[in-house]
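Colleague: Input: one structure, supplied below.
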């Protein structure tokens, strides 16, 4: 079916595309901004480290300030549920195995649900 | 002008008064805006330039003292004047370059409109952003210009473009020309397209070589476009405040100080509004003279303004 | 060109223009404005202060404005001319004194005397920086003064054991450390930060009564020539005389400059840029003779403020330990509030000993502060002096004529004040 | 004109070089905005290393970008609307003949020469008197009429054949309708030129918004950029990401209305 002429005019098409993409993006954002950050902690040999304390750092303008800490469960998994920022750092530590290096995470929008792919490794430093 | 007959109806019914009333009310909004934001401030500056005044002290009459200080004691004024005139002197080169590009784009090349868009794309940009970009291009360590020069072996140590007394001004002029050249090209392009083609055919039939055609046909007919570019060039050179403010802040020393940045610094940096007002008046008169000169050079008529059907 | 009718018309307009200068915008009785200098990054802290301040003061409203360094004077002057200056203003360096000299700031000497406990809580030398013609105009917000940072690795490589003890040492050490792409010494140059180099040679800009110049002396010419020659030879990095903040600190952070003469905040910039910066590789100490130019931030009240008492109350509230402490801990600053600073340094001794030592230097030898003449037209004197000195340092003028020209110009500025 | 293949190749070559010079700055800014390398490292890498778009996310949250964008759009909309209406009216008046026409034109010309930076204090005082401080109208007012556009319109209106106007007047159209029905539709390119020029100058205004806005939420994009420049001077990609995000709307508007813009200038500036 032939669209009426004014629809094909670029002054209508381009703004329409823009509006649709904005709406789609915002709906995706609202569906995925629970503030969830999950991951796991392993030791140098790859075994999960239950009970390791994991600290979540949040970036204000310049410095990273620590926001929250949690404990890994028996399977070495940990979960934060109140992240409101878009630039984070994760650091795992346990009294015997020492600290892991700070793994920095960049999210696409604030409080985006995020699942850490490769686990935090306690290098015994 | 057409002749006006004398008629005996009361003044308010006469056609001429109704015309004037119509003209007045149509001119009113624009005139009001210019009056409020250009004329009144200019007069405010004029009045202030004859007084000593700072925001909290009452004004005292100062006669020509401010002007005496500008011309006799203020060497930053002379430096910024020469810098501004250097900007103006750069305008003809930019216009010539733009004419070259316009001639290239004007021909029946396939992608002409793409080239035209690319060259023009830099004009609508924010000069604050252009300043940041060019300040970064000129950077000694991370800038691409120094990198290109060094890898081409033209130079051993990086040139501190924006920090050296002799390179700073040319560098800023190049950045300003980079932004404005698209606009000149468009104006000249439209001038070229309004030259009637039959003139070229007649000339080529008579065996007139191409460069002669350009010299005798194209150039004379481009006079009004060239005048418009010249006026815009003069205005730009005196008002490219943002570019200087972001790129060099007038530094090093006063090497890239323009009249307008000097006015801004004395006015707000040193809280001397009376002195800045006097500088403004001097700049206004200078601009008036320059435009009048450009107008004379472009053959008397006000170029793009007064060729109505009168 | 201007025909008769046009001149008549513009004459009428001039009368209108003169009647226009002072429009008054009615400020609601209980509202004050707080104008700060480029600290937008601490927005949540400052909004916290305002919330706490207005919580137990019903009907009071605080409008917070933050402007970038170069734009704050523009905004403040325009507000001043319009008769609606912000009630509290935070300025850097000598700008506060300029506004005091202009009659824009409120004299708070009586308020300080009435509340002696508050006034004496501050470091008196820093408080003295904002005394103009015997009257106090500002209280310290956060304080800095110049120190000498030195690149320990470069010092060891050049066989130098410790920081320079005299001006000759500075020049000699710089000569020793210079090489193809490294330089020995670099200083910041805005707001008289380079002046300790002259002070340690007994040269002062003005006489003690600030009425006449005192820098056109053979000693000053000799010092200027030595600095210019060292810049020529590459011992002193040329950016000292052309850069402002990013260029000099960036150059030192690149790791090939022996010494950096700057005020304490430069450390955080250099640490952010330079991966090599650790307590073992970077030292911070006083310049020879412990002279230093302060570049502190002060808080003052505009004389045109409609609620001076409320403004003074807010001023005391934010410089109180509970509020200023948050700000100082986040940005690791010296507040001049002696009680808080000692506590803050003790905390830092554990978390960041280097910063603790660095911040302590800001409160040592505060009696030897230079480059802080109490001038009402500081920026004009600076505009008259600095370009001439820059010409010498960049080899465009010899020291003798440059200082003579500068002398003439500075005299004129002093006469005009 | 017979065009030899060699001259075509030469012309294309020259134009490619010119376009390369015009596009290098854009490439360089975009490249820096998508990497996190230390911008002071020498030699600078020509190709972006480990590119990522997170700098744009940082910019969106550090400075209230959405709010600044909204402010800029509203101010530009008011300025463009004002421009189109006022300039057309003024230009139409100038096509008429009246006693003071020459001096009015001179007045307009001299207004062009008044440097805006020098008129800040009086302009601020006037806006304060009008009570428009910190308002969108106050931000847009000085930009609501531009002289170049008035003359572009004047030329476009004079290009319309007089017979058409007389015919319309015979049909009993009042002045306003003459403009709306006849003159404006015929000089659509001039309108496009006016829209683009007004948009460019109002979108890029930097000093005026700095003075007139009191609250940070009322600021426009250039102020956000200048603020960013001062605060995080040394950030690697973030500043340049902001610069790219600020440039995009101007380029977008130009590319959208490019055809009309060029035609507007053709019929306008030069013939007049």
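The values are calculated or read from the model by the stated rules, or taken from the named source; none is laboratory data. The shown structure was predicted, so the numbers you read here are calculated from the model rather than taken from an experiment. Note that we place each Cβ from the backbone using ideal geometry, even for glycine, and neighbour counts take in every protein chain shown.
Colleague: Out of the helices (runs of 4 or more DSSP H) lying entirely within the stretch C:293-363, which hold 3 or more residues that are over 24 Å from the mean Cα position of the chain (by Cα) and assigned by TED's automatic domain parsing to the domain that holds residue C:108?
Modeller: C:308-318, C:338-351
Colleague: Another question, if that's okay. For the stretch C:97-117, give me each residue that is assigned to a helix (DSSP H, G or I) and more than 16 Å from the chain's Cα centre (by Cα).
Modeller: Pass one, the stretch C:97-117, residues assigned to a helix (DSSP H, G or I): C:97-101, C:109-114, C:116-117.
Correct list: C:101, C:109, C:110, C:111, C:112, C:113, C:114, C:116, C:117.
Colleague: Take the residues in the stretch C:200-232 that are out of contact with any helix residue (DSSP H, G or I) (no Cβ under 7 Å at 6 or more places or on another chain) and in a helix (DSSP H, G or I); name whichever of them is nearest to the other protein chains (Cβ to nearest Cβ).
Modeller: My answer is C:232.
Colleague: Do we find a residue being out of contact with any strand residue (DSSP E or B) (no Cβ under 6 Å at 6 or more places or on another chain) and under 27 Å from residue C:267 (Cβ atoms) anywhere in the stretch C:290-312?
Modeller: Yes, there is a match, as at least one residue in the stretch C:290-312 is out of contact with any strand residue (DSSP E or B) (no Cβ under 6 Å at 6 or more places or on another chain) and under 27 Å from residue C:267 (Cβ atoms).
Colleague: Here's something else I'd like to know. Condition (residue is in contact (Cβ under 8 Å) with a residue 60 or more places away in the chain, surrounded by fewer than 16 Cβ atoms within 10 Å (Cβ to Cβ), assigned by TED's automatic domain parsing to the domain that holds residue D:223 and in a helix (DSSP H, G or I)) applied to the stretch D:159-166: is it met by at least one residue?
Modeller: Residues of the stretch D:159-166 in contact (Cβ under 8 Å) with a residue 60 or more places away in the chain: D:159.
Right, trim to surrounded by fewer than 16 Cβ atoms within 10 Å (Cβ to Cβ) and you get D:159.
Then keep just the ones that are assigned by TED's automatic domain parsing to the domain that holds residue D:223; that gives D:159.
Okay, now just the ones that are also in a helix (DSSP H, G or I), so D:159.
Yes, there is a match, as at least one residue in the stretch D:159-166 is in contact (Cβ under 8 Å) with a residue 60 or more places away in the chain, surrounded by fewer than 16 Cβ atoms within 10 Å (Cβ to Cβ), assigned by TED's automatic domain parsing to the domain that holds residue D:223 and in a helix (DSSP H, G or I).
Colleague: Tally the residues that are away from chain B (no Cβ under 12 Å) and at pLDDT below 85, restricting the search to the stretch D:132-155.
Modeller: Qualifying residue count, the stretch D:132-155: 2.
Colleague: Moving to a separate point now. Across the stretch C:47-80, what is the number of residues that are within 12 Å of chain D (Cβ to nearest Cβ) and in contact (Cβ under 8 Å) with a residue 40 or more places away in the chain?
Modeller: Residues of the stretch C:47-80 within 12 Å of chain D (Cβ to nearest Cβ): C:47, C:63-80.
Add one more test, that the residue is in contact (Cβ under 8 Å) with a residue 40 or more places away in the chain, and what stays is C:75-76, C:80.
Going through the stretch C:47-80 one residue at a time, the tally reaches 3.
Colleague: Here are C:150, C:192: which of them is modelled with pLDDT of 90 or more and on the phi < 0 side of the Ramachandran plot? Step through it out loud before you land on a result.
Modeller: Details: C:192 fails: on the phi < 0 side of the Ramachandran plot.
Exactly one residue qualifies, and that residue is C:150.
Colleague: Can I ask one more? Of the residues that sit in the stretch B:219-250 and are crowded, with 19+ Cβ neighbours inside 10 Å and more than 12 Å from every other protein chain (Cβ to nearest Cβ), which one is farthest from the chain's Cα centre (by Cα)?
Modeller: So the residue we want is B:230.
Colleague: Kindly list the number of the only condition in (1) touching a strand residue (DSSP E or B) at 6+ places or on another chain (Cβ under 8 Å); (2) crowded, with 23+ Cβ neighbours inside 10 Å; (3) more than 25 Å from residue B:162 (Cα to Cα) that fails for residue C:198.
Modeller: Result: residue C:198 passes all but (1).
Colleague: May I pose another question? Give D:131, D:172, D:138 a once-over and let me know the one that is within 24 Å of the chain's Cα centre (by Cα) and either under 17 Å from residue C:75 (Cβ atoms) or surrounded by fewer than 18 Cβ atoms within 10 Å (Cβ to Cβ) (or both). Outline the logic, then answer.
Modeller: Working: D:131 fails: within 24 Å of the chain's Cα centre (by Cα); D:172 fails: within 24 Å of the chain's Cα centre (by Cα).
So the residue among D:131, D:172, D:138 that is within 24 Å of the chain's Cα centre (by Cα) and either under 17 Å from residue C:75 (Cβ atoms) or surrounded by fewer than 18 Cβ atoms within 10 Å (Cβ to Cβ) (or both) is D:138.
Colleague: If you don't mind, there's one more thing I want to ask. Hey, can you tell me all the residues within the stretch B:91-103 that are surrounded by fewer than 21 Cβ atoms within 10 Å (Cβ to Cβ) and either touching a residue at least 40 places away in the same chain (Cβ under 8 Å) or more than 16 Å from residue B:178 (Cβ to Cβ) (or both)? Full working, then the answer.
Modeller: Here is the first cut: in the stretch B:91-103, the ones surrounded by fewer than 21 Cβ atoms within 10 Å (Cβ to Cβ) are B:92-93, B:96-97, B:100, B:103.
Of everything in the stretch B:91-103, those that are surrounded by fewer than 21 Cβ atoms within 10 Å (Cβ to Cβ) and either touching a residue at least 40 places away in the same chain (Cβ under 8 Å) or more than 16 Å from residue B:178 (Cβ to Cβ) (or both) turn out to be B:92, B:93, B:97, B:103.
Colleague: Can you name the residue in the stretch C:245-287 that is over 19 Å from residue C:179 (Cβ atoms) and in a strand (DSSP E or B) and is also nearest to the other protein chains (Cβ to nearest Cβ) among such residues?
Modeller: Taking the candidates together, the pick is C:262.
Colleague: What tally of residues in the stretch B:26-46 results from selecting those that are more than 8 Å from chain D (Cβ to nearest Cβ), touching a residue at least 60 places away in the same chain (Cβ under 8 Å) and out of contact with any helix residue (DSSP H, G or I) (no Cβ under 6 Å at 6 or more places or on another chain)?
Modeller: 0
Colleague: Further question on the same structure: Please report, ordered by residue number, the helices (runs of 4 or more DSSP H) entirely within the stretch B:78-184 with at least 3 residues that are in contact with a helix residue (DSSP H, G or I) (Cβ under 7 Å, 6 or more places away or on another chain).
Modeller: By residue number, B:112-120, B:127-137.
Colleague: Looking only at residues that are buried (at least 16 other Cβ atoms within 10 Å of the Cβ) and in contact with a helix residue (DSSP H, G or I) (Cβ under 9 Å, 6 or more places away or on another chain) in the stretch A:61-100, which one is farthest from the other protein chains (Cβ to nearest Cβ)?
Modeller: A:85
Colleague: Right, something else. Kindly indicate whether residue D:206 is under 23 Å from residue B:128 (Cα atoms), at pLDDT below 75 and within 14 Å of chain C (Cβ to nearest Cβ).
Modeller: Values: under 23 Å from residue B:128 (Cα atoms): yes; at pLDDT below 75: no; within 14 Å of chain C (Cβ to nearest Cβ): yes.
Considered against the rule, which asks whether it is under 23 Å from residue B:128 (Cα atoms), at pLDDT below 75 and within 14 Å of chain C (Cβ to nearest Cβ), residue D:206 comes out as no.
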